[in-house]
Amino acid sequence: MLTNILTYHVVPGRVNPDQVAGTHVTVQGAPLTVAGPADHLSVNDASVVCGGVQTANATVYLIDTVLMPPPAM
């Protein structure tokens, strides 16, 4: 279960801040939705508290809660 939760927080590839809005398929395999203007983004029901942090191999968006993947069908 922990692996499913953690990989639900990761979108493969590098998504630049100007491309982040929309629906993305996560490493876990389920979609998540990023919505809102750049200064008030949300990911599903979580608010982005710090976004567009560039690292060596990723662009990081910090959110205010843990995202739970949808139940398996």
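We did not get these values from a lab; they are worked out from the coordinates using the rules stated. It should be emphasised that the depicted structure is a prediction, and the values quoted were computed from it without experimental measurement. All Cβ positions, glycine included, derive from the backbone under ideal geometry; neighbour counts span all protein chains shown.
Treating each Cα of the chain as an identical point scatterer and summing with the Debye formula, the log10 of I(q)/I(0) at q = 0.15 Å⁻¹ comes to -0.46. Extension gain for Asn57-Asp45 works out to 1.7 nm (0.36 nm per residue, less the C-alpha to C-alpha distance).
What percent does the relative contact order of the chain come to when contacts are Cα pairs within less than 8 Å and at least six residues apart? It comes to 26 percent, rounded to a whole number. In terms of surrounding Cβ atoms within a 10 Å radius of their Cβ, Met1, Met68 rank from fewest to most as Met1, Met68. Taking a point 7 Å from the Cα of Thr7 along the Cα-to-Cβ direction, the residues of region 36-73 with backbone N closer than 17 Å to it are 67-73.
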